[in-house]
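Structure first, commentary second.
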């Protein structure tokens with residue numbers, strides 16, 4: 001990884017347009033500032049198309065599912081597609097309700113995503129693989145998770161990112177990376193997945209289209225290693241302190257920190 | 001208190017569905033994670049009935065009062081009632097506007113609550129007792145507060161919880177508990193009342209219906225003692241630090257901590 | 001500055017009604033509590049007029065631009081005007097989209113503001129001065145910034161506040177103050193500008209109308225000095241820690257702290 005996309009983010013401060021939910025909005029904006037990007041959280045359908053066109057990436061978060069928000073996502077997504085602005089989808093709770101089944105199909109039909117990032121249950125739903133959508137646990141077999149992420153990447157012709165104890169990343173060529181960094185404190189902070197999706201947007205904003213998978217791998221590695229650094233001196237119950245120190249760590253982390261700690265292997269599947 | 005509901009929450013990770021406002025959403029979700037529950041903050045009326053049915057408790061927070069949100073609360077509440085899922089109401093600013101007078105009446109008519117938790121002014125409004133709704137202060141007489149909470153419990157046939165310097169809890173049988181724990185830092189953190197309502201939901205999620213009052217007492221005691229522990233080494237002006245340490249304390253607190261510190265007496269009224 | 005408005009806020013706990021966005025709501029409420037005010041974040045158009053009338057100040061934040069929110073702002077603003085309740089406008093991203101051009105014109109036509117607080121790009125837009133609305137930087141000339149703020153104050157007949165590395169404040173008489181306090185950590189915390197607007201509301205809530213400029217200067221000085229104190233022992237990358245310590249500092253700061261550190265001069269313009 002000769003080019004550090006992290007360094008580019010800090011040099012270029014890309015504007016990342018997020019349409020997200022009331023739980024993640026503040027934390028995602030602060031996390032984007034910490035990584036070096038410029039967050040914009042506008043969600044009014046009357047102006048999102050204009051805003052998407054001046055942004056360097058668009059992040060759509062299905063933690064909000066009102067008809068107005070979905071309309072805003074559709075307009076922003078189409079505008080972003082027209083301008084070749086990368087679009088990231090966070091398919092929160094995909095498949096859990098009839099309404100979500102409907103809207104995710106609509107979004108994936110009408111917008112070409114650059115990356116989709118979700119947990120195992122969400123990605124399994126998108127892959128069409130049976131999965132327990134509650135109590136999702138990456139421990140049920142890495143081979144299967146690699147398979148899921150590969151299927152999502154091929155089905156939707158984009159980078160697919162499955163986050164959990166291990167992260168799995170694939171692109172439509174079938175190449176799969178497995179990243180084994182992070183901390184058990186991540187799932188103890190609400191919207192930590194949402195923020196990762198936003199950070200993926202920041203990395204895609206500064207990457208060439210053909211390097212999308214590499215940029216996403218660096219995004220996930222930077223995020224996970226920052227989590228490890230933030231957790232270093234904390235008790236496993238210091239959820240609140242971790243949330244704050246993680247923002248500090250995102251702002252302080254260097255490309256060298258990431259390279260020194262990341263545990264990344266190509267996953268050859270079955 | 002032989003059974004610790006706190007331990008059950010951590011074992012069962014109940015899914016707590018919250019329909020809440022933009023101020024409290026993030027803090028409530030993080031607090032629910034800290035106590036050991038699994039938060040879900042979905043508020044779209046098109047899917048809340050489905051979500052309420054897969055949840056172990058539903059928490060309705062009147063910090064949001066838009067017609068869409070109230071419609072979502074009504075649908076979710078009726079679905080929860082049909083499935084015997086406990087419903088908690090946080091009647092924020094009840095009675096303060098004509099709109100709130102109308103919607104709270106509608107919610108209380110159409111949904112059977114398991115618990116209602118508010119401050120003295122809100123509970124006095126529900127009890128039909130005259131009260132200064134601004135600048136509410138529990139210092140104006142404990143006998144009256146016990147009376148208010150008893151009235152609310154009997155009028156709405158549920159557990160009633162009045163939070164303040166002292167907490168008063170009653171059920172429809174007329175039994176009233178007074179809990180004297182906490183810290184002056186609580187009212188200095190926005191949405192600390194909202195989070196308490198959500199935590200009450202988590203305790204009700206793991207309790208038998210006939211033990212609802214006991215579970216609510218444990219919820220309030222756990223919350224108040226965690227606040228005391230979080231405040232221990234802080235200056236009275238460290239509002240921000242308290243917010244973070246309180247999340248740490250909620251995650252770290254044990255049933256033994258609660259039993260060792262709680263100051264709980266049965267209130268015999270006048 | 002013989003009278004400390006900060007002291008008055010802590011004595012009177014004015015109720016500050018905010019109509020704001022999902023990014024800033026929690027942080028603004030916590031910051032208002034820290035300064036000693038009482039926050040109310042209600043945004044439903046069906047009740048905002050009633051609420052504005054019982055409040056001591058109203059703060060309108062254009063981080064939210066939905067038709068429902070704008071309707072709520074119009075109703076609340078007119079009710080506040082009718083009751084002589086001061087109104088503060090935070091014109092976030094003014095002029096950036098057609099929608100924002102339209103709504104800001106409507107708000108400024110139908111509501112008399114007491115103060116408008118924005119960054120250089122936003123204030124330049126309101127002044128009708130050409131400016132790069134992205135990547136705004138106060139370094140491009142203090143004379144020009146003083147000119148911008150004076151124009152806004154005269155055009156809208158209110159106090160105008162331009163925040164940045166230096167803050168510039170003017171009233172319609174043409175008097176301009178330049179305040180040179182603060183920390184580079186402010187722009188690293190999302191909604192730190194939104195919170196400043198809310199704090200300006202708290203200071204106006206306790207000030208006589210004829211002292212509005214003085215109260216706004218004290219608001220900005222208190223805010224900036226609290227930021228300096230919070231940043232004192234932090235690394236420049238501790239964005240998360242700064243956010244929390246800043247809340248602590250707002251709660252701890254005294255009028256003497258502000259007087260001892262503030263760097264305030266009258267700006268004579270060109």
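The values are calculated or read from the model by the stated rules, or taken from the named source; none is laboratory data. Only a predicted model underlies this, so the values are computations on that prediction, with no experimental measurement involved. Every residue, glycine as well, gets a Cβ built from its backbone with ideal geometry; the counts of neighbours run over all protein chains shown.
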### Message
Which condition from (1) in contact with a helix residue (DSSP H, G or I) (Cβ under 7 Å, 6 or more places away or on another chain); (2) at the interface with another protein chain (Cβ under 9 Å from one of its Cβ atoms); (3) within 23 Å of residue C:100 (Cα to Cα) is the one that residue C:25 breaks?
### Response
(1)
### Failed criterion for residue B:45 (all others in (1) crowded, with 20+ Cβ neighbours inside 10 Å; (2) away from chain A (no Cβ under 14 Å); (3) at pLDDT below 95 hold)
(2)
### Message
Looking at the stretch B:62-71 only, could you name the residues that are more than 16 Å from residue B:113 (Cβ to Cβ) and either within 10 Å of another protein chain (Cβ to nearest Cβ) or without any contact (Cβ under 8 Å) to a residue 12 or more places away in the chain (or both)?
### Response
B:63, B:64, B:65, B:66, B:67, B:68, B:69
### Query
Is it the case that residue B:77 is modelled with pLDDT under 95 and either more than 8 Å from every other protein chain (Cβ to nearest Cβ) or surrounded by fewer than 24 Cβ atoms within 10 Å (Cβ to Cβ) (or both)?
no
### Extreme residue, surrounded by the fewest Cβ atoms within 10 Å (Cβ to Cβ), among residues of the stretch C:172-181 that are in contact (Cβ under 8 Å) with a residue 12 or more places away in the chain and not in a strand (DSSP E or B)
C:174
### Message
If I filter the stretch A:228-256 down to residues being assigned to a loop (DSSP other than H, G, I, E, B) and in contact (Cβ under 8 Å) with a residue 60 or more places away in the chain, which single residue comes out as farthest from the other protein chains (Cβ to nearest Cβ)?
### Response
A:254
## Note on the structure
Selection from the stretch C:1-19 of residues within 11 Å of another protein chain (Cβ to nearest Cβ) and modelled with pLDDT under 95 yields none
### Task
Run residue A:134 past the list (1) part of a helix (DSSP H, G or I); (2) touching a strand residue (DSSP E or B) at 6+ places or on another chain (Cβ under 9 Å); (3) at pLDDT below 95 and report the number of the one that doesn't hold.
(1)
### Query
Which of the residues spanning the stretch A:182-206 are in contact with a strand residue (DSSP E or B) (Cβ under 8 Å, 6 or more places away or on another chain) and in a loop (DSSP other than H, G, I, E, B)?
A:182, A:190
### Query
Assuming residue A:260 fulfils every condition listed in (1) touching a helix residue (DSSP H, G or I) at 6+ places or on another chain (Cβ under 7 Å); (2) more than 14 Å from chain C (Cβ to nearest Cβ) apart from one, which condition is it?
(1)
### Message
Quick test of your reading of the structure: residue A:58 fulfils all but one of (1) surrounded by fewer than 24 Cβ atoms within 10 Å (Cβ to Cβ); (2) more than 9 Å from chain C (Cβ to nearest Cβ); (3) within 18 Å of residue A:79 (Cβ to Cβ). Name the failing condition by number.
### Response
(1)
### Query
Of these, C:51, C:32, which one is within 7 Å of chain B (Cβ to nearest Cβ) and either touching a residue at least 24 places away in the same chain (Cβ under 8 Å) or in contact with a strand residue (DSSP E or B) (Cβ under 8 Å, 6 or more places away or on another chain) (or both)?
C:51
### Message
Checking the conditions here, which among C:126, C:108, C:89 is touching a helix residue (DSSP H, G or I) at 6+ places or on another chain (Cβ under 8 Å) and surrounded by fewer than 23 Cβ atoms within 10 Å (Cβ to Cβ)?
### Response
C:108
### Message
When the residues of the stretch B:94-120 are narrowed to those that are within 17 Å of the chain's Cα centre (by Cα) and within 14 Å of residue B:66 (Cα to Cα), which ends up farthest from the other protein chains (Cβ to nearest Cβ)?
### Response
B:107
